[in-house]
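Shown next, in structure tokens, is the structure this report addresses.
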Amino acid sequence: MDEWQLAKESLARKIAGEIVLSEDAGKTIQKWRNIFKIPQRALAGHIKITPSVISDYESGRRKSPGIRVVKKMVDAMIMIDDSAGGKVTRQFSENSNQLPITKAIIDIKEFDHGVRIEEFCDAMSASVVAGKESTNQEVYGYTIVDSLRAILEFSYSDLVKLYGITTKRALVFTNTSTGRSPMVAIKVTNLRPALIVLHGAREVDEIAKRIADVENIPLAVSKLAKVEDVVAALNQKFG
């Protein structure tokens, strides 16, 4: 079996396992369908059911699907992605490698369903200061990073691994002064998180704001006093 096939099967097993074990299977199906950017109609057509069935599963109007249905949905997502070049599968394969052993990564978490950017920001007393036109997205996890350590210690490949299993997450940079360095680093990786939150920035650099606007990345600033407060607030809300 070649490496690409192994990558697809590994991702399929992960998604199926997460759906089956989730307390809300419908929301988890919706999460992964959104990560793959597959409309309900396209997924339904691939497995030969009506879009309303997909909608009913995701909304909870229909009880959680059995293992066979889950397998069909997951296989369809992987196949649709594969036919479009396999972008999501490749992203998962690249980002699922072990994170570098470093104190730069303070906390990392995946969600089993999407969380609105507004809700995420409220949890850590953050306000969006740039990229406001892109705040209608959801985040599916977060990574809290000590920005000074990351800039000093991380290679390009290490920066990519900050995204966990998906770029549709919030990157929270602590120990920031103006936010310019983290935003430049994000631009260099050519991967776009759903949200960037700066902690410790008294005044956000105009170049940082400009990058956020140009790249369509919401940029927020947290008002919490300590890094420990950020970790505690997010764990309390999403732990």
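We did not get these values from a lab; they are worked out from the coordinates using the rules stated. Bear in mind that the values here come from a model prediction, so they are computed numbers and not experimental data. Cβ coordinates were reconstructed from backbone atoms using ideal geometry, including for glycine residues, and neighbour counts include every protein chain displayed.
Overview of results
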| read-out | value |
| --- | --- |
| The chain: most fluctuating residue of Gly26, Gly17, Gly179 per GNM, C-alpha cutoff 10 Å | Gly17 |
| Spin-label pair Glu23/Ile207, simplified geometry with 7 Å Cα→Cβ offset, distance in nm | 4.5 nm |
| Segment Val214-Ile67, extension gain: residue separation times 0.36 nm, minus the distance between their alpha carbons | 48.6 nm |
| Overall form of the range 98-238 per C-alpha gyration tensor (a/c, 1.5; a/b vs b/c) | rounded |
| Distance between modelled label sites at Lys37 and Glu119, nm, 7 Å Cα→Cβ extension | 2.3 nm |
| Unit charges on C-beta of K, R, D, E only; dipole of the chain, Debye | 580 debye |
| At 0.890 mPa s and 25 °C, Stokes diffusion of the range 3-94 via Kirkwood alpha-carbon radius, µm² per second | 188 µm²/s |
| Cubic angstrom per residue, convex hull over Cα atoms of the range 165-239 | 88 Å³ |
| Prolate/oblate/rounded call for the range 105-184, Cα gyration tensor, a/c under 1.5 rounded | oblate |
| Restricting the range 134-239 to GluC sites (Glu not before Pro) in coil, as DSSP defines it, with at most 13 other Cβ within 10 Å | Glu203 |
| The chain - convex hull of the alpha-carbon atoms, volume per residue in Å³ | 129 Å³ |
| Listed residues Val53, Val139, Val128, most fluctuating in the chain (Gaussian network, C-alpha, under 10 Å) | Val53 |
| Long-range HN-HN contacts of Asp205 with modeled amide H, under 5 Å | Gly179, Arg180 |
| Estimated FRET transfer efficiency when R0 is 41 angstrom, pair Ser59-Trp4 (beta carbons, to 0.05) | 0.75 |
| Amide H within-cut-off set for Ala220, under 5 Å, with H built and near neighbours excluded | Val129, Ile196, Val197, Leu198 |
| Virtual paramagnetic centre 7 Å along Cα→Cβ of Glu153, amide N under 17 Å, in the range 101-120 | 101-109 |
| In order through the range 189-204: 3J(HN,Hα) via Karplus (6.51 cos²θ - 1.76 cosθ + 1.60), integer Hz, x for Gly, Pro | 5, 6, 10, 10, x, 6, 7, 10, 10, 9, 10, x, 7, 7, 9, 7 |
| Using θ = phi - 60° and Karplus 6.51 cos²θ - 1.76 cosθ + 1.60, couplings along the range 214-227 (whole Hz; Gly, Pro as x) | 5, 8, 6, 10, x, 10, 10, 10, 8, 9, 5, 6, 10, 4 |
| Residue with peak Gaussian network fluctuation, the chain [Cα springs, cutoff 10 Å], from Pro39, Pro193, Pro218 | Pro39 |
